[in-house]
Amino acid sequence: MTQHSHDLRVPLAVADKLEAVRARAWKVRLATALVGGLVVLLAAMSLAMAIDRWATLYSPTWRSLLTFSALAATGLTLAAWIVAAWRYVNRVARVAADVDLSVPTLEERWSTIAELSTQEKNRDVHPAMFRQVAEEADKYSAHVDPLAVVRLNG
């Protein structure tokens, strides 16, 4: 039995827009991680200073321990937030779904072609159907604005 592997690719205009949305989402999520890390740093350092004031710690070892624990909490928070942002942005199907949500006229065409272009899904799809959906998605690529898809108020 012969197995045919179809070469189902996302149209170039759609791929370019998805990459622009992905880059914008990465920048916004990275900035959010930095702000979140700063908030954790300020809260942890405030707590460390409050403990130092209330307990009147004279030992430099304890003061250093409080400072390093605040820095460690900040580093762990920042690392976790960056990893979560990286995992979210690297899922093309998720980015395409965000585009579909922000532009209702797409009617989930972008998420469909993003999912169907993956190697494990493309054997279940007829190439003519994929081409039709890809052409329809390509028509709407001019209506997709990365600034409108990834907003700063989230």
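Couple of notes before you dig in:
- Any pair with Cβ under 8 angstrom, 6 or more apart, that starts in region 31-53 at a residue that is free of Cβ contacts under 8 Å to residues at least 40 places away in the same chain and ends at one that is open to solvent by 40 Å² or more (accessible area, probe 1.4 Å) and among the charged types (D, E, K, R): ASP52/ARG63
- Options LEU147, LEU152; residue that is in contact (Cβ under 8 Å) with a residue 40 or more places away in the chain, open to solvent by 50 Å² or more (accessible area, probe 1.4 Å), in a helix (DSSP H, G or I) and closer than 28 Å to GLY37 by Cα: LEU147
- Residue in region 55-66 that is within 30 Å of HIS126 (Cβ to Cβ), at pLDDT 90 or above and surrounded by 12 or more Cβ atoms within 10 Å (Cβ to Cβ) present: no
- Filtered by the rule that a residue be within 22 Å of LEU34 (Cβ to Cβ), among the small types (Gly, Ala, Ser) and surrounded by 18 or more Cβ atoms within 10 Å (Cβ to Cβ), region 80-113 gives a lone residue, ALA85.
- Flag if ALA15 is at pLDDT below 90, part of a helix (DSSP H, G or I) and surrounded by 14 or more Cβ atoms within 10 Å (Cβ to Cβ): yes
The values are calculated or read from the model by the stated rules, or taken from the named source; none is laboratory data. The shown structure was predicted, so the numbers you read here are calculated from the model rather than taken from an experiment. Note that each Cβ is placed from the backbone with ideal geometry, even for glycine, and that neighbours are counted across all protein chains shown. Ligands, DNA and RNA are excluded from the accessible area calculation, which covers all protein heavy atoms including side chains. Shrake-Rupley method; radii C 1.70, N 1.55, O 1.52, S 1.80 Å.
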